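These notes concern the structure reproduced below.
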Amino acid sequence: MRKPASAIAVHAILGLYTVLALFPIVLVVMNSFKAKRAIFNTPLQPPMPWNFDPIGYAKVFGDSAITSYYLNSLVVTTGTIFMTLLFGAMAAWALTEYKFRWNTLLALYLSIGIMVPIRLGSVAIIQLVSDLNMINTLSALVLVYTAQSLPLSIFILSEFIAQIPKDLREAGRCDGLTEFHIFFYIVLPLIRPAMATVAVFTMIPVWNDLWFPLLLAPTNGKQTITLGVQQFLGQYITDWNAVLAALSTAIIPVLILYVIFSRQLIRGLTSGAVK
Amino acid sequence: MSRTAYLLLLAVFLAPAVIIYSTFSIYPLLATIFNSFYDRQDDGTSLFVGLSNFTTLLSDPTWSAPFWNAFRNNCLFFLIHMCVQNPIGLVLAALLSLPRLNLRATYRTLIFMPTMLSVVVIGFSWQLILSPLWGVAKMFLSFFGLGFLFGPWLGEESTALLTISLISVWQFVGIPMILIYTALLAIPDELIDAATVDGLNQFQAFIWVKLPLILPTLGLVSVLTFVNNFNAFDLIYAMKGALAGPNFSADIMGTLFYRVFFGNQLQLGDTSMGSAIATMMFLIILTGVMIYLFVIQRRMHRYSF
């Protein structure tokens, strides 16, 4: 920008909005480390040696099964990412590489899920999961989330697979590789960046979801961290130290992951968006 | 390769995705629609009742009043997102895409941050901040001499839905911002240079050159907002519970569906009526998507550079 005055105005607007975006998060995390008196008397003060008090965290990790909820979320998220990436890439490869009669129709069928939220089928999903004796299991969540994530990931991965030069696959075929070898040893390594993007896209809604854990695995220690925190908050509603600490335990890991993967995520968003 | 081997190969690659997707996504969706034409009897059998669940839902006052209330609230929820979230997203994207802007990546990353967090966590954090008990919001407003404005916004019928909508706007503004930002980056610099040579300033160039070019993205942003808003549930459930109180003033389709299907303090769970509401949600979302696909997208010109 040429004029410094307008540059200052732009930075002022963006800066103010950034403060607005971060203020609530910072406030909650900051106060979770403070003693009760300090939370109420000086909420805007950062934690200092004289007002530091980790009692909230002691409660969160002592009274509840928060650690195992983390583990549940980790299992569900990793399971979903693994299945979505493997099955999504396989389907995307078959749809882009091989010509067969129902190709376009199948691609269309698989893309319904991009626009229609799977939640609308919840009534039947519960019946199905209970018929399969899978209520309160993490596998039920993994299967449902995989079904939810597959359409968009097939769509994104197809775009990338279509860009792989044809020569590479033909070279593999000339060398006598089977189609499976071509897929696993040539195609998969080439679409690694796209897989990272899909992994991030899959991870966020699954990790943060409240609906399906509430419906499919609400008790028996099978809660995910999001549901676990929600239930914990309901019980400890008046204990501000515990509530703030519980919120922070849900925020901090996501923030750390976000800082690590933000470049990947934004790149993914910016390449898939214009299509 | 023989034909059988070829078909086998296709099956192996496609089967896992197609089976999981069909079983856990398409089948439940169809079964839910199917369910909505049946009435579950007390002995566990189902009776075909045609459209009667829908006529009950739309005309019997005990059902239609909550339904239309939720529908109206949901429309308002969507309108607030369209009028507040998307314009703010557009302005932020326009500023972020300005040439020679320092700290661009930092702003982008930080403003997108709330979008990453769980709706439950966001909802609860805001509940604490707006709570008169803690008084942080009041303290903050007083700092600007606006303390008199503060009220129990979440607890009052007239302001609960508006407050929750604005919290949702605050959380998800990152999505329109990033989508529009990307579309703006794709516009070649030469076009803008040509416009500035012709005497337009940055603002005019944005209005007359860039904005028309990103109309398809604005259409996409609108339909995404529509689908997400009519499918929303988590935030209102986390902040207000299934009753979406006070006096159902923040009730939307998602919370109504949850309440009817699972039952609550006021009524028993009802599978058939739950399915009917889910089917109505499906029809609403489908209408929105169809309008987008056949009316909006068809009329838009796409420019490729």
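The values are calculated or read from the model by the stated rules, or taken from the named source; none is laboratory data. Fair warning: this is a prediction, and the values are worked out from it, not measured in the lab. Note that we place each Cβ from the backbone using ideal geometry, even for glycine, and neighbour counts take in every protein chain shown.
Just a few scattered comments:
- Under the condition of being more than 8 Å from chain A (Cβ to nearest Cβ), more than 21 Å from the chain's Cα centre (by Cα) and hydrophobic (A, V, I, L, M, F, W, C), the residues counted in segment B:91-104 number 1.
Per-residue answers, yes or no, for (1) within 14 Å of chain B (Cβ to nearest Cβ); (2) closer than 30 Å to A:Leu71 by Cβ; (3) not aromatic (Phe, Trp, Tyr):
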site	(1), (2), (3)
A:Leu128	yes, yes, yes
A:Leu138	no, yes, yes
A:Leu141	yes, yes, yes
A:Ser149	yes, yes, yes
A:Ala171	no, no, yes
A:Leu177	yes, no, yes
A:Trp207	yes, yes, no
A:Leu215	yes, yes, yes
A:Thr224	yes, yes, yes
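- When segment B:197-217 is filtered for residues that are of a type in the set (S, T, N, Q) and either over 23 Å from B:Val295 (Cα atoms) or in contact with an Asp or Glu (Cβ under 9 Å, 6 or more places away or on another chain) (or both), the ones remaining, listed by number, are B:Asn201, B:Gln202, B:Gln204.
- Scanning segment A:179-201 for residues that are within 14 Å of another protein chain (Cβ to nearest Cβ) and of a type outside the set (Asp, Glu) turns up A:Phe180, A:His181, A:Ile182, A:Phe183, A:Phe184, A:Val187, A:Leu188, A:Thr197, A:Val198, A:Val200, A:Phe201.
- Residues in segment B:129-163 that are among the aliphatic types (A, V, I, L, M), over 20 Å from B:Ile80 (Cα atoms) and either touching a residue at least 60 places away in the same chain (Cβ under 8 Å) or touching a Pro at 6+ places or on another chain (Cβ under 9 Å) (or both): B:Ile129, B:Val136, B:Met139.
- Within segment B:118-149, the set of residues being crowded, with 18+ Cβ neighbours inside 10 Å and within 15 Å of A:Leu20 (Cβ to Cβ) comprises B:Ile122, B:Ser125, B:Trp126, B:Ile129, B:Leu130, B:Val136, B:Ala137.
- As for segment A:97-104, it holds no residue that is touching a residue at least 12 places away in the same chain (Cβ under 8 Å), part of a helix (DSSP H, G or I) and crowded, with 22+ Cβ neighbours inside 10 Å.
- Criterion (out of contact with any Gly (no Cβ under 7 Å at 6 or more places or on another chain), crowded, with 23+ Cβ neighbours inside 10 Å and modelled with pLDDT under 85) met by exactly one of A:Ala194, A:Ala246: A:Ala194
- For segment A:64-110, the set of residues classified as closer than 30 Å to A:Glu179 by Cα and among the aromatic types (Phe, Trp, Tyr) consists of A:Phe82, A:Phe87, A:Trp93, A:Tyr98, A:Phe100, A:Trp102, A:Tyr109, listed by residue number.
- Boolean, B:Leu29 is touching a residue at least 24 places away in the same chain (Cβ under 8 Å), over 30 Å from B:Ile207 (Cβ atoms) and facing another protein chain (nearest Cβ under 8 Å): yes
- Helices (runs of 4 or more DSSP H) wholly inside segment A:1-79 that include at least 3 residues being of a type in the set (A, V, I, L, M) and loosely packed, with under 14 Cβ neighbours inside 10 Å: A:4-31
- Number of residues in segment A:216-237 that are under 22 Å from A:Val144 (Cα atoms) and assigned to a loop (DSSP other than H, G, I, E, B): the value is 8.
- Residue within segment B:42-58 that is farther than 19 Å from B:Leu256 by Cα, surrounded by 20 or more Cβ atoms within 10 Å (Cβ to Cβ), touching a residue at least 24 places away in the same chain (Cβ under 8 Å) and within 14 Å of chain A (Cβ to nearest Cβ) present: no
- Within segment B:231-249, considering residues that are out of contact with any Phe, Trp or Tyr (no Cβ under 9 Å at 6 or more places or on another chain) and of a type in the set (Gly, Ala, Ser), the one farthest from B:Gly123 (Cα to Cα): B:Ser249
- Checking each residue in segment B:106-164 for being in contact with a Ser or Thr (Cβ under 8 Å, 6 or more places away or on another chain), within 8 Å of chain A (Cβ to nearest Cβ) and assigned to a loop (DSSP other than H, G, I, E, B) picks out only B:Ser118.
- Test: A:Ile260 is over 27 Å from A:Ser139 (Cα atoms), part of a helix (DSSP H, G or I), within 12 Å of chain B (Cβ to nearest Cβ) and not polar (S, T, N, Q): yes
- Which numbered condition B:Leu10 misses (of (1) more than 7 Å from chain A (Cβ to nearest Cβ); (2) closer than 19 Å to A:Ala89 by Cβ): (1)
- With respect to the conditions (1) more than 13 Å from chain B (Cβ to nearest Cβ); (2) over 23 Å from B:Ala137 (Cα atoms), A:Pro47 lacks only one, and its number is (2).
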